[in-house]
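Report on the following structure.
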Amino acid sequence: MAERIAYDVPPPKIGPDAQEELDRLVQTLHEHGLLRFANDVVASNHELMRIVVDGLNKPGSLNAIQNLSVIAMTLSALPPERFYQVMFALKEGIEQVGNHRHDEAERDSQQDKSKHTRQDKEDSAPGITGIYRMLNDDELWYAIKPILAGLRAFSERLDRPVDKPVTDFTGKPTEGP
């Protein structure tokens, strides 16, 4: 009897294999000048590194790097949904302030100074009785309360001394600038 032949069926070629993809990548990098740039960077390693280190070793550069790291630490502590909420609340607040000034200037240019409408009386200074009414306005206090709490937290944080930002953020002692 004949012996059985062991034969594994090769998988069908669907696309280029890894070597063909690598060759194509190298060719594309060459055509766009990236290989030449990478070769130049590697060839000027000492000179380029000296320039980079000298540029980063200035006090302004070090401060900028540390400030960017503090921003990154702060953003990493905020959940994205809270950051979204705060940023769009800030956007809407800025738009309202801008619209108020725009509406006021437009109204002044369109109306005679001698005519006083009901809108003018509502926008005028509240006076002593108006201030007293504002003190009893629950909706106004509900809107102002988060701003006052934020100012309180901001003031307390400013009063707290900080030796090094990373130490304050992580609670672990650090060395260096």
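The values are calculated or read from the model by the stated rules, or taken from the named source; none is laboratory data. Remember, it's a predicted structure, so these values are computed and weren't measured experimentally. Ideal geometry is used to build each Cβ from the backbone, glycine not excepted, and the neighbour counts take in all protein chains shown. Note: areas computed on protein heavy atoms with side chains; ligands, DNA, RNA excluded. Shrake-Rupley method; radii C 1.70, N 1.55, O 1.52, S 1.80 Å.
What dipole magnitude, in Debye to the nearest 20, does the chain give about its Cα centre under +1 on Lys/Arg Cβ and -1 on Asp/Glu Cβ? Kindly include the intermediate steps, with their values, before the conclusion.
On the way: 21 positive and 29 negative charges, 117 e Å.
With Lys and Arg at +1 and Asp and Glu at -1, about 560 debye.
Accessible surface area normalised per residue over the chain is 94 Å², counting heavy atoms of protein chains with a 1.4 Å rolling probe.
Quick one: pull the percent of accessible area on the chain belonging to carbon and sulfur, 1.4 Å probe, ligands and nucleic acids left out. Display every interim value, and only then the final one.
Working: 10120 of 16660 Å².
Carbon-and-sulfur percentage of accessible area, whole number: 61.
If you take the Cα centroid of the range 1-68 and the Cα centroid of the range 136-174, the two points sit 46 Å apart.
The angle separating the long axis of helix 59-77 from the principal Cα axis of greatest extent in the chain is about 80 degrees. With contributions of -39500 (n - 2.57) from each DSSP H run of at least four residues, the per-residue ellipticity at 222 nm computed over the chain stands at -23500 deg cm²/dmol.
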